[in-house]
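A.B. asks: Provided herewith is a single structure, encoded as structure tokens, for subsequent inquiry.
Laboratory data are not the source of any read-out in this text; all were calculated from the coordinates shown. Just so you know, these numbers come straight off a predicted model, no measurement behind them. Every residue, glycine as well, gets a Cβ built from its backbone with ideal geometry; the counts of neighbours run over all protein chains shown.
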Amino acid sequence: MRYLAPLFTLALTVIMVLATSPSHAGDPAKGKVLAKQCQTCHGIDGIAKIPIAPNIAGESQIYLELQLKHFRDGQREHEMMTVVARDLTNTEIEDLATWYASIQVTATLPE
């Protein structure tokens, strides 16, 4: 019986991830066009252009969508992001998230 608890937890996690997956895959080409409003801080390539902005290239699409929706809906506040996200539709958010999530990032470890 004690072996069932980890399996139950794993199954529940998989179900939750699938249930929160975006319903619309998003259009990265449309997202790239929309990203022009983001490029001053985050760059069109998702690499931050100012020290206080995070790099968002290659970030999880689900995470990006969730954060943009939180800024739009007032659940999360930031002077600039709240203004930028305020008028975004769900489809525009999905497109933006798809664009930035589709950027491949590589890392080089120091020797």
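A.B. asks: Determine, from the Cβ-Cβ distance of Leu34 and Glu111 and an R0 of 30 Å, the FRET efficiency 1/(1 + (r/R0)^6), rounded to the nearest 0.05.
C.D. replies: Result of the calculation: an efficiency of 0.15.
A.B. asks: Could you give the length gained by full extension between His70 and Ala25, i.e. 0.36 nm per residue of separation minus their alpha carbon distance, to one decimal place?
C.D. replies: Gain on extension, His70 to Ala25, equals 14.3 nm.
A.B. asks: Assuming a ≥ b ≥ c are the square roots of the Cα gyration tensor eigenvalues, decide whether region 18-89 counts as rounded (a/c under 1.5), prolate (otherwise, with a/b larger than b/c) or oblate.
C.D. replies: In terms of gyration-tensor shape, oblate.
A.B. asks: Right, here's the next one. Going by average Cβ neighbours within 10 Å, how do the peptides 47-55, 63-71 rank, with the highest at the top?
C.D. replies: 63-71, 47-55
A.B. asks: Sum up the charges of everything whose Cβ sits under 10 Å from the Cβ of Ala97, counting Lys and Arg as +1 and Asp and Glu as -1, but leave Ala97 out.
C.D. replies: For residues surrounding Ala97, the net value is -4.
A.B. asks: Calculate one ³J(HN,Hα) per residue across region 102-111 by plugging θ = phi - 60° into the Karplus curve 6.51 cos²θ - 1.76 cosθ + 1.60, and present them in order as whole Hz with x for glycine and proline.
C.D. replies: So the Karplus estimates, Gly and Pro as x, are 7, 6, 8, 10, 10, 10, 10, 6, x, 8 Hz.
A.B. asks: Give me the extension gain from His78 to Lys49: residue separation times 0.36 nm, minus the current Cα-Cα distance, reported in nm with one decimal.
C.D. replies: Roughly 8.7 nm would be gained on extension.
A.B. asks: Give the cross-link partners of Lys49 among the lysines, using a straight C-alpha distance below 22 Å as the criterion and excluding same-chain residues fewer than 8 apart.
C.D. replies: Once the sequence-local lysines are set aside, what remains near Lys49 is Lys30, Lys32, Lys36.
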